[in-house]
1. Sort 165-171, 64-70 for me by packing, meaning the mean count of neighbouring Cβ atoms within 10 Å per residue, highest on top.
2. Note down the nm distance, to one decimal, between modelled labels 7 Å out along Cα→Cβ at T147 and at S178.
3. For region 62-76, just list the computed ³J(HN,Hα) in residue order, Karplus coefficients 6.51, -1.76 and 1.60, θ = phi - 60°, integers in Hz, with x standing in for Gly and Pro.
4. What does the charge add up to near V36, with Lys and Arg as +1, Asp and Glu as -1, over the other residues with Cβ less than 15 Å from its Cβ?
5. In nm, what is the difference between 0.36 nm times the number of residues separating Q43 and Q154 and their Cα-Cα distance?
6. Test of understanding: what is the full-extension gain from W72 to A20, defined as 0.36 nm times their sequence separation minus their Cα-Cα distance?
Amino acid sequence: MSPAAALAADHPAFLSPTGAEIVFLLVGLVTLAAAVVTVTTRQLVHAALWLVVALGGIAVEYLLLTAEFIAWVQVLIYVGSVVVLVLFGLMLTRAPIGPSPDADSRNRPAALLVSVAAAGTLVTLVVDAFRTTWIDLDTGVQGSTRTTGAILFQHWVLPFEALSVLLLAALVGAIVLSRRNDRPGTADRGQEGTR
């Protein structure tokens, strides 16, 4: 008996997807499409808004995997903070609202090659690491608040705080860039020119 047949015999749901698995696949396709549009659009504001769709799709995927706490953290931190910070930075730096020719670096073939290689490597590693691992969606232990909180505050406190400092530095940099054009003498010269 082949290994795939043995897995199918041990787990009857292997070849008969449930409604949750079908929704998981559909949401994954929508999230992938939103991510592709995010990195291919030439309008920076549209890219940020498509990023909201992609990150929201990931939150739905976490909900389908019964990891409610991670899903809400995804919504609150990434959709609610990071994307708002990106939009705030775009507005402060007076980035163009419409299509921006500066957003295209003409490195699309190299970027496509790197992204396909990275995706292939990541998929290969994840499939190899979790080939025989099955998630029991009925228990909901792994994504519980207690388990996630213990892991977060025991092992991931430093990276979490480093990310918050990085976001604060990005916000301060956006404010500095927006204030650079507002020197004290430039406003007076503009008013004198109109008189």
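1. Descending mean neighbour count gives 64-70, 165-171.
2. Distance between the two pseudo-spin positions: 4.2 nm.
3. With the stated coefficients, region 62-76 comes to 5, 4, 5, 8, 6, 10, 5, 4, 5, 4, 6, 5, 4, 5, 5 Hz.
4. Numbers: positive: R42, R108; negative: none.
Local charge sum for V36: +2.
5. Here the segment from Q43 to Q154 would lengthen by 35.9 nm.
6. Numbers: separation 52, 0.36 × 52 = 18.72 nm, distance 1.88 nm.
Here the answer is 16.8 nm.
Values quoted throughout were computed directly from the atomic coordinates according to the rules given, and no laboratory measurement underlies them. Since the structure is predicted, the reported quantities are computational estimates derived from the model, not experimental observations. Quick reminder, even Gly has a Cβ in these numbers, built from the backbone with ideal geometry, and neighbours come from all protein chains shown.
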